[in-house]
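Asks: This structure is in C-alpha coordinates; I'll ask about it shortly.
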Amino acid sequence: MWQQTIIHIPPKARGFHLITSEVVSQLPQISYYDTGVLELFIQHTSASLTINENADPTVRADFERHFSHLVPEDMPYYTHTYEGSDDMPAHLKASLLGHSLTIPIGSGKLMLGTWQGIYLGEHRNHGGQRSIVATLNGNINQE
(Lines give C-alpha, C1' and ligand atoms only; values in the text may rest on other atoms or scores of the structure.)
Protein backbone atom coordinates (compact mmCIF):
# COMPACT_ATOMS: atom_id res chain seq x y z
CA MET A 1 0.00 0.00 0.00
CA TRP A 2 1.30 3.44 -0.95
CA GLN A 3 0.37 6.65 0.87
CA GLN A 4 1.77 10.14 0.51
CA THR A 5 1.26 13.32 2.46
CA ILE A 6 2.97 16.63 3.15
CA ILE A 7 4.25 17.27 6.67
CA HIS A 8 4.51 20.92 7.69
CA ILE A 9 7.16 21.90 10.21
CA PRO A 10 6.70 25.36 11.72
CA PRO A 11 9.54 27.89 11.42
CA LYS A 12 12.59 27.08 13.52
CA ALA A 13 15.71 29.01 14.43
CA ARG A 14 18.90 28.29 12.57
CA GLY A 15 20.39 25.03 13.82
CA PHE A 16 19.58 21.35 14.11
CA HIS A 17 16.20 20.36 15.51
CA LEU A 18 14.92 16.97 16.64
CA ILE A 19 11.63 16.56 14.74
CA THR A 20 10.89 12.85 15.20
CA SER A 21 7.77 13.43 17.29
CA GLU A 22 6.51 16.12 14.87
CA VAL A 23 6.89 13.70 11.96
CA VAL A 24 5.26 10.75 13.75
CA SER A 25 2.35 12.86 15.07
CA GLN A 26 1.50 13.93 11.50
CA LEU A 27 1.62 10.31 10.26
CA PRO A 28 -0.71 8.31 12.53
CA GLN A 29 -1.21 5.78 9.72
CA ILE A 30 2.28 4.37 10.43
CA SER A 31 0.64 2.33 13.20
CA TYR A 32 -1.21 0.27 10.55
CA TYR A 33 1.97 -0.92 8.80
CA ASP A 34 3.34 -4.35 9.77
CA THR A 35 6.42 -3.81 7.61
CA GLY A 36 7.35 -1.00 5.28
CA VAL A 37 9.38 2.10 4.68
CA LEU A 38 8.91 5.81 5.22
CA GLU A 39 10.68 8.08 2.81
CA LEU A 40 11.00 11.73 3.81
CA PHE A 41 11.95 14.41 1.26
CA ILE A 42 12.35 18.06 2.24
CA GLN A 43 11.15 20.47 -0.46
CA HIS A 44 13.74 23.16 0.20
CA THR A 45 17.29 23.91 -0.93
CA SER A 46 18.44 25.57 2.28
CA ALA A 47 17.40 22.95 4.85
CA SER A 48 18.28 19.28 5.27
CA LEU A 49 17.30 16.03 6.93
CA THR A 50 19.57 13.63 8.78
CA ILE A 51 19.42 11.04 11.55
CA ASN A 52 21.54 11.26 14.67
CA GLU A 53 21.62 11.41 18.50
CA ASN A 54 18.18 11.95 20.03
CA ALA A 55 19.04 12.28 23.74
CA ASP A 56 21.70 14.93 24.31
CA PRO A 57 20.86 18.35 22.83
CA THR A 58 24.55 19.34 22.88
CA VAL A 59 25.02 17.06 19.85
CA ARG A 60 22.69 19.31 17.85
CA ALA A 61 24.53 22.42 19.06
CA ASP A 62 27.85 20.84 18.10
CA PHE A 63 26.43 20.01 14.65
CA GLU A 64 25.53 23.68 14.13
CA ARG A 65 28.95 24.90 15.28
CA HIS A 66 30.78 22.36 13.14
CA PHE A 67 28.82 23.03 9.96
CA SER A 68 29.11 26.81 10.47
CA HIS A 69 32.87 26.34 10.73
CA LEU A 70 32.98 23.94 7.77
CA VAL A 71 30.85 26.21 5.54
CA PRO A 72 31.33 29.80 6.74
CA GLU A 73 29.38 32.85 5.64
CA ASP A 74 30.77 35.80 3.69
CA MET A 75 33.40 33.93 1.70
CA PRO A 76 34.74 36.23 -1.02
CA TYR A 77 34.30 33.57 -3.73
CA TYR A 78 30.51 33.25 -3.22
CA THR A 79 28.61 34.91 -6.05
CA HIS A 80 25.11 33.73 -5.05
CA THR A 81 24.52 36.37 -2.36
CA TYR A 82 21.15 37.88 -3.39
CA GLU A 83 19.31 36.66 -0.31
CA GLY A 84 21.93 37.41 2.31
CA SER A 85 25.17 36.04 3.69
CA ASP A 86 23.51 32.88 5.06
CA ASP A 87 21.99 31.86 1.70
CA MET A 88 24.87 30.20 -0.19
CA PRO A 89 26.22 28.47 2.92
CA ALA A 90 22.69 27.12 3.52
CA HIS A 91 22.60 25.59 0.04
CA LEU A 92 26.01 23.99 0.56
CA LYS A 93 25.09 22.57 3.98
CA ALA A 94 21.84 21.16 2.58
CA SER A 95 23.75 19.43 -0.22
CA LEU A 96 26.31 17.99 2.20
CA LEU A 97 23.65 16.56 4.52
CA GLY A 98 20.98 15.65 1.99
CA HIS A 99 17.30 16.12 1.27
CA SER A 100 15.85 12.69 1.96
CA LEU A 101 15.78 9.84 4.45
CA THR A 102 14.49 6.29 4.23
CA ILE A 103 13.41 4.73 7.54
CA PRO A 104 12.14 1.18 7.95
CA ILE A 105 8.78 0.54 9.64
CA GLY A 106 8.11 -2.55 11.72
CA SER A 107 5.11 -3.46 13.85
CA GLY A 108 3.58 -0.01 13.33
CA LYS A 109 6.63 1.99 14.44
CA LEU A 110 9.68 3.64 12.92
CA MET A 111 12.60 1.29 13.41
CA LEU A 112 15.02 3.96 14.56
CA GLY A 113 17.74 2.86 16.97
CA THR A 114 17.43 3.63 20.67
CA TRP A 115 19.48 6.81 20.40
CA GLN A 116 18.43 7.89 16.90
CA GLY A 117 16.16 10.75 15.95
CA ILE A 118 15.22 12.69 12.83
CA TYR A 119 16.90 16.09 12.56
CA LEU A 120 15.79 19.08 10.54
CA GLY A 121 18.86 21.10 9.66
CA GLU A 122 17.67 24.68 9.37
CA HIS A 123 20.51 26.48 7.63
CA ARG A 124 18.94 29.93 7.20
CA ASN A 125 18.63 32.57 9.89
CA HIS A 126 14.94 32.95 8.97
CA GLY A 127 13.96 29.88 6.96
CA GLY A 128 10.23 29.85 7.53
CA GLN A 129 7.87 26.87 7.50
CA ARG A 130 9.36 23.72 5.98
CA SER A 131 7.45 21.12 3.96
CA ILE A 132 8.43 17.47 3.90
CA VAL A 133 6.91 14.92 1.52
CA ALA A 134 6.28 11.69 3.44
CA THR A 135 5.82 8.56 1.33
CA LEU A 136 4.79 5.33 3.04
CA ASN A 137 4.93 1.93 1.42
CA GLY A 138 4.45 -1.48 2.98
CA ASN A 139 2.14 -4.16 4.25
CA ILE A 140 -0.93 -3.00 6.17
CA ASN A 141 -2.07 -5.00 9.18
CA GLN A 142 -5.25 -6.78 8.01
CA GLU A 143 -6.53 -7.65 11.51
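The values are calculated or read from the model by the stated rules, or taken from the named source; none is laboratory data. As the structure is a computational prediction, the values presented were derived from the model and not from experiment. Methodologically, a virtual Cβ is constructed for each residue, glycine included, from the backbone with ideal geometry; neighbour enumeration extends over all protein chains shown. Accessible surface areas use protein heavy atoms only, side chains included; no ligands, DNA or RNA. Shrake-Rupley method; radii C 1.70, N 1.55, O 1.52, S 1.80 Å.
Asks: R0 = 22 Å: FRET efficiency of S95 with V133, Cβ-based, nearest 0.05?
Replies: The calculated FRET efficiency here is 0.75.
Asks: Given H placed on each backbone N at 1.01 Å, which residues far from R130 in sequence or on other chains put an amide H within less than 5 Å of it?
Replies: I9
Asks: Another question about this same structure. Under a 5 Å amide H to amide H cut-off, with H placed in plane at 1.01 Å, what residues pair with Y33 once short-range neighbours are removed?
Replies: G108, N141
Asks: Let me ask something else about it. Send over a whole-number figure in Å² for the accessible area per residue of segment 23-143, probe 1.4 Å.
Replies: Result: 53 Å² per residue.
Asks: OK, next. Provide the per-residue ³J(HN,Hα) series for segment 110-122, in order, calculated from phi with Karplus coefficients 6.51, -1.76, 1.60 and θ = phi - 60°, each as a whole number of Hz, with x at glycine and proline positions.
Replies: Along segment 110-122, the couplings run 5, 8, 6, x, 3, 9, 9, x, 8, 9, 9, x, 9 Hz.
Asks: Still on this structure, please answer the following. If you put +1 on each Lys and Arg Cβ and -1 on each Asp and Glu Cβ, how big is the dipole of segment 43-143 around its Cα centre, in Debye rounded to 20?
Replies: 260 debye
Asks: How high is the relative contact order of the chain? Use alpha-carbon pairs under 8 Å, at least six apart in sequence, and give a whole percent.
Replies: 53 percent
Asks: Could you give the alpha-carbon Rg of segment 1-51 over 2.2 N^0.38 Å, rounded to two decimals?
Replies: 1.26
Asks: On to the next question. Evaluate 2.2 N^0.38 Å with N set to the residue count of segment 1-109, then give the Cα radius of gyration divided by it.
Replies: Output field value: 1.25.
Asks: What value in Å³ per residue do you get for the convex hull of the alpha-carbon atoms in segment 88-143?
Replies: Taking only Cα atoms, segment 88-143 has a hull volume of 117 Å³ per residue.
Asks: Please sort 32-42, 18-28, 72-82 by packing, taking for each peptide the average over its residues of neighbouring beta carbons within 10 angstrom, highest first.
Replies: Ranking the peptides 32-42, 18-28, 72-82 by packing returns 32-42, 18-28, 72-82.
Asks: Here's something else I'd like to know. Based on the Kirkwood radius over alpha-carbon pairs, what value in µm²/s does the Stokes-Einstein equation return for the translational diffusion coefficient of segment 36-95 at 20 °C and 1.002 mPa s?
Replies: Rounded, D is 161 µm²/s.
Asks: Given the options L49, L120, L97, which has the most mean-square fluctuation in a GNM of the chain, springs set between C-alpha atoms less than 10 angstrom apart?
Replies: Looking only at L49, L120, L97, the largest GNM fluctuation is found for L97.
Asks: Where the accessible area of the chain is counted over protein heavy atoms with a 1.4 Å probe, how much of it, in %, is carbon and sulfur?
Replies: Whole-percent figure for carbon plus sulfur exposure: 55.
Asks: In nm, give the distance between the simple-model label positions of S68 and Q142, each being 7 Å from the Cα along the Cα-to-Cβ direction.
Replies: A separation of 5.4 nm, rounded to one decimal place.
Asks: Quick one: what are the phi-derived ³J(HN,Hα) couplings along segment 35-45, Karplus 6.51/-1.76/1.60 with θ = phi - 60°, whole Hz, x for glycine and proline?
Replies: So the J values, rounded to whole Hz, are 9, x, 9, 10, 10, 10, 9, 7, 8, 9, 9.
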